[in-house]
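The values are calculated or read from the model by the stated rules, or taken from the named source; none is laboratory data. Note that the coordinates shown come from a computational prediction; the quantities given were computed from them, not determined experimentally. Here Cβ is always computed from backbone atoms with ideal geometry, including for glycine, and neighbour counts include all displayed protein chains.
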Amino acid sequence: MENNNNLPEPDTRPDVKDPSRRDFLKKSALITAVALTPAHAVKAAEKHMDERIAEAFEKMPLSLEINGAPHNLMVEPRSTLLDILREQLDLTGTKKGCDLGQCGACTVHVDGHRVISCLTLGIMVNGKKVTTIEGLAKGDQLHPMQEAFLKHDGFQCGYCTPGQIMSAVACIREGHANSEHEIREYMSGNICRCGAYPNIVNAIQEVKEGGLPV
């Protein structure tokens with residue numbers, strides 16, 4: 001039929017600017033994208049989300065004193081003292097060697113006693129005092145054992161040195177540094193792959209015989 005009013009013919013095509021139609025197209029595209037997502041990708045995303053949720057709910061409060069400073073943390077029950085020191089508190093002087101309790105590189109003191117921190121859960125030291133290699137020196141003044149290790153060249157690569165020094169201090173405090181044989185026996189849990197054992201023994205003997213405070 002002829003349009004006598006000189007007006008444009010009405011557009012009978014679907015109006016793509018219609019909000020309801022636009023929303024429909026968006027939802028359809030989203031559903032299609034989800035439908036085409038590989039099943040393994042969806043499962044991986046779900047697993048990741050489950051782990052994040054579990055991690056948030058599983059964390060426990062931990063209060064302890066480290067090198068004289070109080071710390072209040074939230075940790076996973078499975079976290080070791082070693083990982084807490086290194087990853088949450090940035091105290092990286094304590095080294096992760098074998099992570100199996102066999103090399104002694106991660107030795108620290110808990111309430112004055114030496115422990116292997118890679119085998120010690122963080123929640124086990126709740127309310128206790130922890131001393132790491134960073135806590136031995138007093139500012140710029142090195143601990144006598146640290147000075148003795150420098151003097152007698154008790155290290156080469158240095159990786160085991162923090163654990164060696166922590167064990168050496170404990171060895172004297174425990175009363176097990178009365179002879180070279182005894183020192184070697186009670187330091188046997190600390191492995192030096194560079195073989196600096198004679199120098200380490202000399203350092204311990206000097207501190208012990210000199211009556212220096214440990």
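Quick check: anything in the stretch 147-157 of a type in the set (Asp, Glu), part of a loop (DSSP other than H, G, I, E, B) and within 17 Å of residue 204 (Cβ to Cβ)?
First, the residues of the stretch 147-157 that are of a type in the set (Asp, Glu): 147, 153.
Subset that is part of a loop (DSSP other than H, G, I, E, B): 153.
Then keep just the ones that are within 17 Å of residue 204 (Cβ to Cβ); that gives 153.
Yes, because at least one residue in the stretch 147-157 is of a type in the set (Asp, Glu), part of a loop (DSSP other than H, G, I, E, B) and within 17 Å of residue 204 (Cβ to Cβ).
Would you check which residues across the stretch 184-214 are of a type in the set (Phe, Trp, Tyr) and touching a strand residue (DSSP E or B) at 6+ places or on another chain (Cβ under 9 Å) and list them? Talk me through it step by step, then tell me what you get.
Taking the stretch 184-214 first, the residues of a type in the set (Phe, Trp, Tyr) are 186, 197.
Within the stretch 184-214, no residue meets the criteria.
Looking only at the stretch 173-192, decide whether some residue is closer than 30 Å to residue 70 by Cβ, modelled with pLDDT of 95 or more and either in a helix (DSSP H, G or I) or in the same structural domain as residue 66 (by TED's automatic domain parsing) (or both).
Taking every residue of the stretch 173-192 in turn, at least one turns out to be closer than 30 Å to residue 70 by Cβ, modelled with pLDDT of 95 or more and either in a helix (DSSP H, G or I) or in the same structural domain as residue 66 (by TED's automatic domain parsing) (or both).
State which residue pairs qualify: first residue basic (Lys, Arg) and inside the stretch 171-182, second residue exposed (fewer than 14 other Cβ atoms within 10 Å of the Cβ) in any location, beta carbons under 9 Å apart, and separation of 6 or more residues or different chains.
173/112; 173/113
Answer yes or no: is there a residue in the stretch 104-120 that is under 19 Å from the mean Cα position of the chain (by Cα), on the phi > 0 side of the Ramachandran plot and modelled with pLDDT of 95 or more.
For the stretch 104-120, residues under 19 Å from the mean Cα position of the chain (by Cα), on the phi > 0 side of the Ramachandran plot and modelled with pLDDT of 95 or more: present.
Taking only the stretch 104-129 into account, find how many residues are part of a loop (DSSP other than H, G, I, E, B) and either closer than 16 Å to residue 170 by Cβ or among the polar types (S, T, N, Q) (or both).
8
Answer with yes or no whether residue 168 is in contact with a helix residue (DSSP H, G or I) (Cβ under 8 Å, 6 or more places away or on another chain) and part of a helix (DSSP H, G or I).
Considered against the rule, which asks whether it is in contact with a helix residue (DSSP H, G or I) (Cβ under 8 Å, 6 or more places away or on another chain) and part of a helix (DSSP H, G or I), residue 168 comes out as yes.
So which residues in the stretch 147-160 are touching a residue at least 24 places away in the same chain (Cβ under 8 Å) and within 24 Å of the chain's Cα centre (by Cα)?
157, 159, 160
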